[in-house]
Amino acid sequence: MQIGALGDIHGEFGTVDELMKRHADVPVWLSVGDVASNDGEYFAPAAPLYWIKGNNEDFDFIEAALSGRPPATMLRYVPNGGPHQVGPWRVAALGGTFAPSWYNTPASALPPSKGRRLTAASIKLGKSRDDKRRHFVRDEVVVCKGLKHVDLFMTHEAPRPFYPAGRRIDSGKTVINEVLAAMRPRLHIFGHHHEFTDSMRQGVRSIGLDVVTRSYLLIDAETFKCERLDT
């Protein structure tokens with residue numbers, strides 16, 4: 001059996017539908033976040049799609065899913081922590097982005113958007129970018145560090161070092177490396193940077209997924225052999 005892994009979706013629902021039709025034998029799909037369109041829309045996939053939060057989401061939508069009101073049967077939100085049973089795998093999640101000023105805040109205390117519209121360039125999902133629920137926090141990292149026998153660790157952020165598009169600034173986050181060293185999952189996947197990479201971090205294979213319109217992965221559920229395919 002193979003499991004599909006998708007990078008950031010950003011509202012490209014037609015592409016996801018086409019991939020699910022192309023691989024009708026794949027029973028489970030994963031996404032590393034940023035599923036919503038810029039208008040805050042989500043969709044009803046044809047096959048189970050398990051996803052973690054990115055930074056460009058409708059976080060009211062996520063709160064509803066956590067409260068037992070998912071918008072679609074096959075769209076299954078995976079909250080931070082774990083372990084979660086996804087198909088045959090034990091999965092851990094650390095969705096969202098790292099913000100030092102909010103890192104020590106309890107997840108339940110991260111404030112929602114104030115609903116203020118700023119400049120046209122800053123508007124995402126019809127809201128301002130001040131929704132702090134887009135971040136992960138220390139308490140969630142501590143939970144992840146304590147997990148063992150995890151098959152797959154999903155994050156939105158990258159581990160260090162990570163130089164997107166060859167830039168000189170390291171965009172990776174040390175806490176991801178710390179979790180990898182403590183957890184020792186069989187595989188780690190992440191998104192956010194829209195760039196495919198395949199490397200070892202703390203002795204764990206760590207794959208950065210491209211945006212869904214460019215490429216995706218098929219992963220053997222038993223051997224964890226990964227095949228990258230062009231969309």
Review point. Once phi is turned into θ = phi - 60°, what whole-Hz ³J(HN,Hα) does the Karplus curve with 6.51, -1.76 and 1.60 give for every residue of the stretch 153-167, x standing for Gly and Pro?
Key: 10, 10, 10, 8, 6, 9, x, 8, x, 8, 10, x, 6, x, 5
Revision key, fill the gap. A 1.4 Å probe over the protein heavy atoms gives the stretch 1-55 a carbon and sulfur accessible-area percentage of 43
**Study point:** Average accessible area per residue (Å²) across the chain - probe 1.4 Å, nucleic acids and ligands excluded
**Key:** 45
Review point. FRET efficiency for K148 and R214, Cβ-Cβ distance as r, R0 = 35 Å, nearest 0.05?
Key: 0.55
Check your understanding: If you stretched the chain out fully between L66 and R167, how much longer would it get, using 0.36 nm times the residue separation minus the C-alpha to C-alpha distance?
Key -> 32.7 nm
Revision key, fill the gap. Dividing the helical contributions, -39500 (n - 2.57) per DSSP H run of n ≥ 4, by the residues of the chain yields a 222 nm value, nearest 500 deg cm²/dmol, of -4500 deg cm²/dmol
**Study point:** Projected label distance in nm at T174 and S108, using a 7 Å step from Cα toward the beta-carbon
**Key:** 3.0
Revision key, fill the gap. Protection proxy (average C-beta count within 10 Å per residue), highest first, orders 23-30, 136-143 as 136-143, 23-30
**Study point:** Whole-number percent relative contact order across the chain, with pairs defined as alpha carbons under 8 Å at least 6 apart
**Key:** 21
Study note, to complete from the structure: Amide H neighbours of Y216 at under 5 Å, excluding residues fewer than 5 places away on the same chain, with H built from the backbone geometry, are L229, T231
Study note, to complete from the structure: Between N56 and residues 5 or more places away or on another chain, the pairs with built amide H atoms under 5 Å apart involve D34
**Study point:** Highest-fluctuation residue, R69, R90, R167 considered, GNM on the chain with Cα pairs under 10 Å
**Key:** R167
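The values are calculated or read from the model by the stated rules, or taken from the named source; none is laboratory data. Remember, it's a predicted structure, so these values are computed and weren't measured experimentally. FYI the Cβ positions are ideal-geometry reconstructions off the backbone, even for glycines, and counts take in every protein chain you see. What goes into the accessible areas is simple: the full protein's heavy atoms, side chains included, and nothing from ligands, DNA or RNA. Shrake-Rupley method; radii C 1.70, N 1.55, O 1.52, S 1.80 Å.
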